[in-house]
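Taking it in order: structure first as structure tokens, then the write-up.
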Amino acid sequence: MNKNIARLAVTAGLTAALSFGGVMAPVTMAFAEGTPVATEKGDVTIREDTYTDTTFKGIQIFKATVTQDNKDNAWNGPKTLSDITWASSDAERAVKGVFADAIDKPVDTATAQDWADYITKKAGDNVGEGVKVDAGSTLDKIAKALEEVATTNESTGWKTSTDGKFNNLPAGYWLFVTAQVGSTKDANKTNGNEDAFTSPIFTIVGGANVNAEPKKDVPNVTKAIKDDKDDKWVTDDNKTVFQAANKAADSAAGQLVEYQLAGTVASNINTYNKYFYAFTDELPLTMVPELGNDNKPVVEVKIGESIVSPDSYTVSYNTDDGKNTLSVSFDNLKEAKDSSNNAITVNGDSKVYVNYKAKLDPTKISAGMLGKAQENKVKLTYSNNPHSEGTEGTGTTVEHPAYDYTYGIDVTKVGSDDDTKGLKDVQFTLQEKDSDKFIKADGTTTTDKDAAILTTNNEGKINVVGLDEGTYILKEVTPAPGYNNSASNGVTFTIARGTLKQDGSEVKPDKGSANVTAADGVIKADSAAVSTGKLSFTIVDQKGTGLPLTGLNGVTFTWIAGGAVLCIGVAHLIRSRKQAEESEQE
């Protein structure tokens, strides 16, 4: 009997306990000095560092007297169990039910000690401190069966920390699992992560208090935007996208911008038989993703360096209910295959990436959004309960944003005779420097110059939206009547953003870098100004002048006098003919 007790203590008890709770110092076969003390009660603390509302529950499998050496009121060495019995008929029925079809199960008259030995043998070598229970393993099946058994909840009146505490529990062999998960969401339930269930924690209660840590991780998600200024996903080359994701970039209307969604998985993913995993990306209404021939977003999905076969996930795009949502979901991430249809190994260290492109919709860009962050945010939905499948046992992460910006110009055309009054119907063209394309008022481009004419309104203004950072040339094509074309050789200016902040702050172009230049007198002095997302300046056209004339009065008199002589001559001729006709009649 004593030999059986020792065997159970070292194998079934300590090995399984240390597998999932990290509850004691490393096991040693040598017993520490001290007096063996038998205990019938014990305390358990499950340390939870983050989630105040997460709670745990305990299920006793075996009752036992737990003995451990004690010296100077300090517990030392391993624990031994004696007088092992089933904790309850429900626990006995649940455990035996797991092995109902097993050929090698203990006989009907087997004792609780016999079953403890059998469980130890069936658990195999996949135990030890830090190891998580594998889905479908012996211990996983036992834990799942026992969740239907009556449980012991955390002690009341202690909740001054996030830890789960159990006081004065009967000594024996116990299973601890998550009762309910909490979250870090705010009072409005709009932001935060939801916790995940722990892998089963098997441990011995009695002797030294048990201090265990949940065996789980909450997946994390982040979002990055690739800035075409430096073509990087990160703000620090020495860090990963999870540590220093670049959150801000700028673009022109219709310009495709690259986005990356990146997520981790639970460290105990091996405990899950099926692992649901879904990115939900909400774009602003001003944006649209790149769509393929099937009208679905064009995405590249990777797990680590492996490109995932599209057959392994589902892509959708939804514009209903005033939302603009792109989703990529795995019904079971653990069954993902690569582009060659080979299985991809997914473990607790795996990283999942979704790359796609999106652009600002030129039809939805307005002057009011210039320099203001167009927020694009992602959240991750993930399985968080190893013993629930589908979307029932899931949690969600906090939303992570990225921001895109665009800019514009506000140019006023005046005459040199009155620089407070705008000139209407003056025509311009706008091009980015060294480009053969012309920019329309909505920021889109064309090679057709006539299709991109910009005409001043009644106030003498042209407004162009949807511009990216860069250097541009504005040329006057047709001046106002009576004015010279002063800007025919172009006005060169630069939209420079400086440094984009990572928090979605509004952006003003850098006035010091604007460099609005043209021929002398073309730009009104001190007219260059910046406001949120906009650069403004005034172009001056010179009033037309007349050339000096001489002899105008003399010439005019000659014409008048000549005309009078001609009239007199014609009248005299008519009179002479009339008199001749009258003489002939007589």
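The values are calculated or read from the model by the stated rules, or taken from the named source; none is laboratory data. None of these values were measured; they are calculated from a predicted model. No Cβ is skipped: glycine too gets one built from the backbone with ideal geometry, and neighbour counts run over all protein chains shown.
Miscellaneous remarks
- Residue identified as of a type in the set (Ser, Thr, Tyr) and buried (at least 20 other Cβ atoms within 10 Å of the Cβ) among 340, 383, 366: 383
- Filtered residue count, segment 43-75, keeping only those that are of a type in the set (Val, Ile, Thr) and under 21 Å from residue 173 (Cβ atoms): 8
- All positions within segment 384-406 that are in contact (Cβ under 8 Å) with a residue 60 or more places away in the chain and part of a loop (DSSP other than H, G, I, E, B): 384, 385, 386, 387, 389, 390, 391, 393, 397, 398, 399, 406
- Residue identified as assigned by TED's automatic domain parsing to the domain that holds residue 255 and either more than 30 Å from residue 530 (Cα to Cα) or among the aliphatic types (A, V, I, L, M) (or both) among 361, 321: 321
- Residue satisfying all of: in segment 40-98; more than 28 Å from residue 216 (Cβ to Cβ) and in a loop (DSSP other than H, G, I, E, B); farthest from the chain's Cα centre (by Cα) among these: 72
- When the strands (runs of 3 or more DSSP E) confined to segment 407-484 are screened for residues that are over 26 Å from residue 250 (Cβ atoms), those reaching at least 1 such residues are found at 407-415, 418-422, 427-432, 470-478.
- Residue in segment 412-460 that is farthest from residue 536 (Cα to Cα), counting only those that are among the β-branched types (Val, Ile, Thr) and touching a helix residue (DSSP H, G or I) at 6+ places or on another chain (Cβ under 7 Å): 446
- Residue in segment 233-246 that is of a type outside the set (D, E, K, R), touching a residue at least 60 places away in the same chain (Cβ under 8 Å), crowded, with 24+ Cβ neighbours inside 10 Å and in a strand (DSSP E or B) present: no
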